[in-house]
1. Between the range B:81-129 and the range B:7-80, what is the C-alpha centre distance in whole Å?
2. Taking beta carbons within 10 Å but only from partner chains, what does the mean come to for residues A:170-183?
3. Per-residue mean of other chain beta-carbon atoms within 10 angstrom of the beta-carbon, peptide A:213-224?
4. For the range B:14-79, how big is the tail of P(r) above 17 Å, as a whole percent of Cα pairs?
5. Restricting to the protein assembly as shown, compute how many DSSP beta bridges are antiparallel as a %, nearest 5.
6. As a footprinting exposure proxy, order A:170, A:20 by other Cβ within 10 Å, with the fewest listed first.
7. Given q = 0.16, 0.20, 0.24 Å⁻¹, what are the Debye log10 I(q)/I(0) values for the range A:117-174, with equal point scatterers placed on the Cα positions and solvent ignored?
8. Angle between the Cα long axis of helix A:163-176 and the longest principal axis of chain A, 0 to 90 degrees, nearest 10?
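Bear in mind these aren't lab numbers, they're just calculated from the coordinates by the rules spelled out. Keep in mind the model is a prediction, meaning the values are calculated, not measured. Cβ coordinates were reconstructed from backbone atoms using ideal geometry, including for glycine residues, and neighbour counts include every protein chain displayed.
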């Protein structure tokens, strides 16, 4: 058994207007973890804690087997980190940056870097100043990918990109996990990207982890049931039901724990289940956040 | 090349789409008994779909007896006798199921539906001759 690439538990960090509370994350080798949350939920802060850029007030942070931030120098040799607010030196070219990164990291693979230039449709001689937003994102990803680090920490890598650029980037990320010793954590609020390539998904909202599981389990367990209810009746809330909305004789029940037994329970309560729908990750995410907030406010 | 496709416009989950396409490849004889399937990670990278989704599709195909996985060697099309015939029957039943559902919506009796099928068969025979 290889050790997890990321093991974070009980992590709290207090800021003046925001706090992370009891955050836990785990990423096994060979997997992609989608870290999903609304703006301001704490995704970037958590990733910065993983990078050793911020020290947690409490909790344990281990990345590639190293305690962070104490052993960050050793860990960072094998981490590729890309964030939206990352700056490149504007008076230089992409080639200059490639040389710089190659001189620092022995793992730099010049052939792969050339291949990525072609795949991303970038030119090494291009001045940084002349790059579009999408090209800049692809350039920073290239600089991280061509080092072939074991762990990639990507903060919103596909935000603000056109569909073609997103497709190219997702393809490169999937290429990374052909090697089952490597892994990726990427944060996003683009649930379609997350649904497509993640093995594990963790939802964060208002500084707390609100749900975490294998992707297939999320997609399997969350369902919407359409019920025909007798006049005057309201559907009972069985375990796992996160929302009931009724209008006339039709009620829609959202559950996070779908099973055939749940259908049978409603049938036994005199309510005909006339449709069971799967939900997209986006719908699951929104329902999850909303039910969690309702509970918090209670 | 495997030439499998994932559609995001398809309401069925991705693992089911993959299962169905693999079954179809085997049913039409493109992938004969004993043929090696792409590795889970290679297929995941080619389709740009998570490893766990491909793993699930392979596991369920194995459970259905369509493929066999040998530890450390890979996954292969099962050499159960008549697998391709069996899979074509499964496909036929899926289409008949759908036809029966539409027939019911149209208020057709079993006899009317059967008569319609016989008529289509006669027309087809006419064309083939």
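1. That distance is 27 Å.
2. 3
3. Per residue, the average neighbour count from other chains is 2.
4. 33
5. Percent antiparallel among DSSP bridges in the protein assembly as shown is about 70.
6. A:170, A:20
7. Each listed q corresponds, in turn, to -0.47, -0.75, -1.07.
8. Taking Cα atoms only, the helix is inclined about 80 degrees.
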